[in-house]
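The values are calculated or read from the model by the stated rules, or taken from the named source; none is laboratory data. This one's a predicted model, so the numbers in the text were calculated from it and none came from an experiment. Every residue, glycine among them, receives a Cβ derived from its backbone with ideal geometry; neighbour counts consider all protein chains shown.
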Amino acid sequence: MGLDLYKLNHLIAVAEEGSFTRAATRLHLSQQALSTSVRTLEREVGVPLLERSATGVTVLPAGQALIADAHLLHGIADSAVQRARRIGRSEPERLRVGHTPAVTGDEVTALLRKHQTDPDLVIDVNQRYPDELVAQLLGGQLDLGLGRALTLAHGLVGTTLIRQRLNVAVAAGHRLADRENLGLSDLDGEEITVWGHPGRSGYTDLLVNLCRDAGFEPRVRRNPIQGTPPVTAVLDSDAVAFVTAPPGPAAGGAVMVRELHPAVHVPLQALWPQHSTSDARQAFLASAQGF
C-alpha cells in the first residue's frame, strides 16, 4: 500500500489544530470531507490514529509515529523534486548547509573550502538555531547541518567530523587575560556565557558538565546577543566564554583567548536526512572524514 501524502497532510492539520473544525477551515475543506479522509487513512493503516471526544482530538501513539514519518516523507519528496529539476535543467548542484550558533561561520567556511571537490558547486550557508536546523533538515530545506552536541532526531543520521580544542575567551582587561593557559578549575566562581539554556541545549549541557567534572557548579548566563561570534560574548563584560577560536588576541585586541590545560576537545557534528540523496553532501562527507 502506498501512503497518500494528501491524507497525511490532513492528519497533520488535525493533530496541529486539535480540532476537525479548525483543521477543515485551515485546509479549506468541509469538516465531513476531512473526517472521511482521516478515517480512510486509518483504515488503510489498519489502526486508530486519533481519539475523538467532545472536547477535541488526541493523537494516539500510532498517529504520532505516522506524523513524524510524514514530515520526513514530505522532506524527501521535496528534495527529490528539486534534484530532478536541477538535473533536467542542467543547473549546477547546490549544497544547502545550516549551522548552529555554536559553530562559527568562519569555521564552516574553512571546513567547506578545505573539502570542496567540485569547483562548480554552489554552497549556501546559513545560521540556524538547533530546533530550526532539525526542522529544515527534515523538511528538505537543508542538505547538511553542522553543530555541537546535537541530539539525533528521528529521520536524521550523523557523524562527528572533527574534534576541536576548547579554549577560553576573556575581555582584554579581565584578571585572567594575562594567564598563558588556564585549567577548568580556574573558572570556578566566574560567570560563564553560553548560547543555549541549560537543559534545553546539548552543547550548553556539555560545557556545564565539563565544569562539574572539574569540581564546581558553574554560574552561567545566556548570551543576550544571539548570532554573534563566540569571542565577542565577553566584550564589555566580566564573564568568560568557551570558544574554539585559536589562542591569542581577538576582536581587534579587545579579547584574549587562552588555552585550557589539560586539553579539552569538543565535537563538530554533521547531520543529514537519512533517506535523501545529495552527491555534493556525500563527496564532502567522504573527504572530510577521510574515507
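Which number in (1) modelled with pLDDT of 95 or more; (2) closer than 30 Å to Asp69 by Cβ marks the one condition that Leu184 misses? Tallying (1) modelled with pLDDT of 95 or more; (2) closer than 30 Å to Asp69 by Cβ, Leu184 fails exactly one: (2). Exactly one residue among Arg128, Arg94, Arg85, Arg89 is surrounded by fewer than 21 Cβ atoms within 10 Å (Cβ to Cβ) and within 17 Å of Pro273 (Cα to Cα), and that residue is Arg94. Taken over the range 107-131, the criterion of being assigned to a helix (DSSP H, G or I), closer than 20 Å to Gly196 by Cβ and either of a type outside the set (Asp, Glu) or touching a residue at least 24 places away in the same chain (Cβ under 8 Å) (or both) is satisfied by Glu107, Val108, Pro130. Checked against (1) modelled with pLDDT under 90; (2) aromatic (Phe, Trp, Tyr); (3) under 17 Å from the mean Cα position of the chain (by Cα), Tyr203 meets all criteria but (1). Restricting attention to the range 242-291, and to residues there that are among the hydrophobic types (A, V, I, L, M, F, W, C), part of a strand (DSSP E or B) and within 21 Å of the chain's Cα centre (by Cα), which single residue is farthest from Arg113 (Cα to Cα)? Among those that are among the hydrophobic types (A, V, I, L, M, F, W, C), part of a strand (DSSP E or B) and within 21 Å of the chain's Cα centre (by Cα), it is Phe242.
Within the range 108-125, the set of residues being buried (at least 18 other Cβ atoms within 10 Å of the Cβ) and under 23 Å from Asn167 (Cα atoms) comprises Val108, Leu111, Leu112.
Considering only residues of the range 165-176 that are surrounded by fewer than 17 Cβ atoms within 10 Å (Cβ to Cβ) and of a type outside the set (D, E, K, R), which is nearest to Ala214 (Cα to Cα)? Only one residue tops the list, namely Leu176.
Among the residues making up the range 16-39, a single one is assigned to a loop (DSSP other than H, G, I, E, B) and either of a type in the set (Phe, Trp, Tyr) or closer than 18 Å to His71 by Cα (or both): Gly18. With the requirement that a residue be exposed (fewer than 14 other Cβ atoms within 10 Å of the Cβ) and assigned to a helix (DSSP H, G or I), what does the range 40-64 give you? Within the range 40-64, Thr40, Arg43, Glu44, Pro61, Gln64 qualify. Would you check if there is a residue in the range 79-94 being out of contact with any helix residue (DSSP H, G or I) (no Cβ under 6 Å at 6 or more places or on another chain), in a loop (DSSP other than H, G, I, E, B), hydroxyl-bearing (Ser, Thr, Tyr) and in contact (Cβ under 8 Å) with a residue 24 or more places away in the chain? No, because not a single residue in the range 79-94 is out of contact with any helix residue (DSSP H, G or I) (no Cβ under 6 Å at 6 or more places or on another chain), in a loop (DSSP other than H, G, I, E, B), hydroxyl-bearing (Ser, Thr, Tyr) and in contact (Cβ under 8 Å) with a residue 24 or more places away in the chain.
What are the residues in the range 224-234 that are farther than 15 Å from Leu187 by Cβ and either modelled with pLDDT of 90 or more or in a helix (DSSP H, G or I) (or both), if any? Once the filter is applied, which keeps residues that are farther than 15 Å from Leu187 by Cβ and either modelled with pLDDT of 90 or more or in a helix (DSSP H, G or I) (or both), the range 224-234 yields Pro230, Val231, Thr232. Inspection of the range 143-151 finds no residue satisfying the criterion of being aliphatic (A, V, I, L, M), more than 30 Å from Glu191 (Cα to Cα) and surrounded by fewer than 19 Cβ atoms within 10 Å (Cβ to Cβ). Based on what the data block shows, is Gly173 outside any loop (DSSP other than H, G, I, E, B) and modelled with pLDDT of 90 or more? No: the conditions fail for Gly173. A residue that is in contact with a His (Cβ under 8 Å, 6 or more places away or on another chain), buried (at least 21 other Cβ atoms within 10 Å of the Cβ) and closer than 30 Å to Arg96 by Cβ can be found somewhere in the range 197-217.
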